[in-house]
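Presented below is the structure to which this report refers.
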Amino acid sequence: MAAANSSDLVTDPKLIFRCKKCRRIVAAQENVVIHERGEGEICFKWKKRSGDPGERDKEPPECSSIFVEPMKWMQTVEEGNVENKLQCLGCNARLGSFNWAGMQCSCGAWVTPAFQLHKSRIDECRT
């Protein structure tokens with residue numbers, strides 16, 4: 001996959017992601033799955049579009065999540081669920097969700113399988 005999201009995530013090997021609530025490390029840069037940026041709103045179903053014709057010509061929004069590979073702390077994945085929420089092992093805060101069949105990113109791209117962590121729920125830290 002192309003590194004189209006290089007503006008979103010710096011390719012720094014010492015970049016780690018922590019839970020905002022308890023500061024537990026949930027992922028590192030090497031766990032991030034880079035995806036090609038989608039075409040924005042035209043990739044979504046009709047009902048999910050804003051309806052503003054001027055929005056289609058704009059550049060797709062920045063991804064609001066990162067996608068990672070499955071990790072041991074993801075208990076619901078270990079239990080054999082096909083899709084569920086991802087909770088922090090330390091404080092049980094909801095960090096994102098996963099679906100083995102895939103999910104659509106906020107930029108419009110499909111990621112399969114998808115283990116999505118919301119950027120609003122995690123901190124990006126350099127070590």
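The values are calculated or read from the model by the stated rules, or taken from the named source; none is laboratory data. This structure is a prediction, so every number in the text was calculated from the model and none was measured. Cβ: placed from backbone, ideal geometry, glycine included. Neighbour counts: every protein chain shown. Ligands, DNA and RNA are excluded from the accessible area calculation, which covers all protein heavy atoms including side chains. Shrake-Rupley method; radii C 1.70, N 1.55, O 1.52, S 1.80 Å.
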Residue count, region 13-39 (criterion: more than 13 Å from the chain's Cα centre (by Cα), crowded, with 19+ Cβ neighbours inside 10 Å and at pLDDT below 85) | 1
Tally of residues being more than 16 Å from residue 28 (Cβ to Cβ) and outside any strand (DSSP E or B) across region 79-127 | 20
Selection count, region 95-114, where residues are on the phi < 0 side of the Ramachandran plot and in contact (Cβ under 8 Å) with a residue 60 or more places away in the chain = 7
State yes or no: is residue 114 surrounded by fewer than 18 Cβ atoms within 10 Å (Cβ to Cβ), more than 17 Å from residue 16 (Cβ to Cβ) and modelled with pLDDT of 90 or more?
-> no
Residues satisfying the stated conditions in region 73-93, i.e. within 17 Å of the chain's Cα centre (by Cα), farther than 17 Å from residue 104 by Cα and open to solvent by 90 Å² or more (accessible area, probe 1.4 Å) = 87
